[in-house]
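Novice: Quick one: the structure is below, and I'll ask about it shortly.
The values are calculated or read from the model by the stated rules, or taken from the named source; none is laboratory data. Since this is a predicted model, take the numbers as computed values, not measurements. Glycine gets a Cβ as well: all are built from the backbone with ideal geometry, and neighbour counts include every protein chain shown.
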């Protein structure tokens, strides 16, 4: 039997969370974007209500929630803060916190995750380098074992949460090469606390999602304990792909959450704006494009929630990572591009007013654009993933 409905628990969760966020987050969304910071009291409120690291096990400070439930949370956070900064803070921690839970040593996982779940720590992803982004296996940061430590050297860039991680004494799930000559089979993953000696950091000034920082780090003989390895040595590629699949579902939900919030905003505006003795909504040239984008956004949401369900099926051992990854890639392919186009149409519908910062539309456009241009994997990488699944490796549009 096919069931497109949410469970009663999921519906209650969405309604309760939307009500909470309408009170504590939505009124401060512009402040977050302008001051480039999520207020500490908002992080505290999210922690107190069990939203941070929602998907990790209760013994590690989470709620043990399904990926569908985590997707609902991401979508609602983006509706309330359409700059998507708060949604990004949540999704980065929830996605890569799950990787720490599943593959790190239990003692390390408990220490790292329980602090982050209380809003007193931070968990991020540290993969992109100046010469490698979507080419995950192409990075160069090295980790060598010396005297009971892993010693790291290299450079990472476009890292979410640099300021937040430093202030909260958090860290990153970090991709390193432990056997460089083996390519993707020589990749490992380690836990890297950000405030260790030998780490230099700097910041970028992004055009959007300004409430969460973006930066870079250089690693110069940084030492971490041997048991900070996540998973097995030289077997990090598959774990990294799992993490990206999980994150892509949440990314897609954040994009459509912001877009649907902006649809609601625009709908009310065009219903109440009167020109030529008629509401703007009564003009076909206004109404029909909005109908089209609403319909396409709802269709994309079905893909997103199917992808979230597939992640849950993967966790239960019912589908492969490849099968779940297909739906995650499709969700990430569809949602950012459609959301950017939809928000642009909503700006057109509101006319000159939509071009001002008196509306949240430009803030949403700038935020969602970050995932259009490539964060969590470029759009053409998503097409390659889907194409490889449909046509096979022998028909890849490039030579490996």
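Novice: Which residues, taken from region 311-331, are in a helix (DSSP H, G or I) and surrounded by fewer than 23 Cβ atoms within 10 Å (Cβ to Cβ)?
Specialist: Selection gives 312, 313, 314, 315, 321, 322, 323, 326, 330.
Novice: I'd like to check something: does region 149-164 contain any residue that is assigned to a loop (DSSP other than H, G, I, E, B), out of contact with any helix residue (DSSP H, G or I) (no Cβ under 6 Å at 6 or more places or on another chain) and at pLDDT 90 or above?
Specialist: The answer is yes, given that some residue of region 149-164 is assigned to a loop (DSSP other than H, G, I, E, B), out of contact with any helix residue (DSSP H, G or I) (no Cβ under 6 Å at 6 or more places or on another chain) and at pLDDT 90 or above.
Novice: Given the options 68, 56, name the one that is within 26 Å of residue 113 (Cβ to Cβ), touching a residue at least 60 places away in the same chain (Cβ under 8 Å) and outside any helix (DSSP H, G or I).
Specialist: Criteria check complete, one pass: 56.
Novice: For region 387-397, state whether one or more residues are farther than 13 Å from residue 84 by Cβ, modelled with pLDDT of 95 or more and either touching a helix residue (DSSP H, G or I) at 6+ places or on another chain (Cβ under 6 Å) or not assigned by TED's automatic domain parsing to the domain that holds residue 280 (or both).
Specialist: No: region 387-397 contains no residue that is farther than 13 Å from residue 84 by Cβ, modelled with pLDDT of 95 or more and either touching a helix residue (DSSP H, G or I) at 6+ places or on another chain (Cβ under 6 Å) or not assigned by TED's automatic domain parsing to the domain that holds residue 280 (or both).
Novice: On the basis of being assigned by TED's automatic domain parsing to the domain that holds residue 19, touching a residue at least 60 places away in the same chain (Cβ under 8 Å), over 30 Å from residue 260 (Cα atoms) and over 16 Å from the mean Cα position of the chain (by Cα), does residue 108 make the cut?
Specialist: Yes; evaluated as a whole, the condition is true for this residue.
Novice: Which of (1) outside the structural domain of residue 300 (by TED's automatic domain parsing); (2) at negative phi; (3) modelled with pLDDT of 95 or more does residue 179 not meet, given it meets every other one?
Specialist: Result: residue 179 fails condition (3) only.
Novice: Right, another one. Just give me the residues in region 199-227 being surrounded by fewer than 15 Cβ atoms within 10 Å (Cβ to Cβ), in a loop (DSSP other than H, G, I, E, B) and either in contact with a helix residue (DSSP H, G or I) (Cβ under 9 Å, 6 or more places away or on another chain) or touching a residue at least 40 places away in the same chain (Cβ under 8 Å) (or both), in sequence order.
Specialist: If the condition is that a residue be surrounded by fewer than 15 Cβ atoms within 10 Å (Cβ to Cβ), in a loop (DSSP other than H, G, I, E, B) and either in contact with a helix residue (DSSP H, G or I) (Cβ under 9 Å, 6 or more places away or on another chain) or touching a residue at least 40 places away in the same chain (Cβ under 8 Å) (or both), then 207 is the only one that fits.
Novice: From the list 394, 376, 337, pick out the single residue that is assigned to a helix (DSSP H, G or I) and within 21 Å of residue 301 (Cβ to Cβ).
Specialist: Residue meeting the stated conditions: 337.
Novice: For residue 68, are the conditions met, namely being touching a strand residue (DSSP E or B) at 6+ places or on another chain (Cβ under 8 Å) and either over 26 Å from residue 34 (Cβ atoms) or at pLDDT 95 or above (or both)?
Specialist: For residue 68, the condition - touching a strand residue (DSSP E or B) at 6+ places or on another chain (Cβ under 8 Å) and either over 26 Å from residue 34 (Cβ atoms) or at pLDDT 95 or above (or both) - is not met.
Novice: If residue 63 satisfies all but one of (1) surrounded by fewer than 24 Cβ atoms within 10 Å (Cβ to Cβ); (2) part of a helix (DSSP H, G or I), what's the number of the condition it fails?
Specialist: Against the list (1) surrounded by fewer than 24 Cβ atoms within 10 Å (Cβ to Cβ); (2) part of a helix (DSSP H, G or I), residue 63 comes up short only on (2).
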